[in-house]
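Everything below concerns the one structure shown next.
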C-alpha cells in the first residue's frame with residue numbers, strides 16, 4: 001500500500017543518454033555480427049575455390065596418366 005502513494009521520478013537528460021548508449025551498443029553488435037558472417041562466407045568461398053582447383057589438377061593428372069598408359 002505504501003508503493004501506491006509513491007510518485008515516479010521525473011525523466012532526466014541522463015535517461016536519454018542511456019537510451020542513446022543502448023542504441024549504439026546494439027548498432028555495434030549488428031556491425032560485429034555482419035562482419036563475422038562476411039568472414040565466414042569468405043572462408044567458405046576460399047575453401048571452395050581451393051577444392052575446385054584441386055579437383056581440376058587431379059583431373060588433369062588423371063588425363064596425363066591415361067594418355068601415358070596408351
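The values are calculated or read from the model by the stated rules, or taken from the named source; none is laboratory data. A quick note: this is a predicted structure, and the numbers were derived from the prediction, not measured. Heads up, the Cβs are rebuilt from the backbone with ideal geometry, glycines too, and the neighbour counts pull from every protein chain shown.
Looking at 21, 60, 36, 55, which is the one that is modelled with pLDDT under 95 and part of a helix (DSSP H, G or I)? Before you say what the answer is, go through the steps one by one.
On the way: 21 fails: modelled with pLDDT under 95; 36 fails: modelled with pLDDT under 95; 55 fails: modelled with pLDDT under 95.
The unique qualifying residue is 60.
Return the residues of segment 1-18 that are assigned to a helix (DSSP H, G or I), at pLDDT 90 or above and exposed (fewer than 10 other Cβ atoms within 10 Å of the Cβ); say none if nothing qualifies.
13, 14
Please state which one of 66, 27 is surrounded by 10 or more Cβ atoms within 10 Å (Cβ to Cβ) and without any contact (Cβ under 8 Å) to a residue 12 or more places away in the chain.
27
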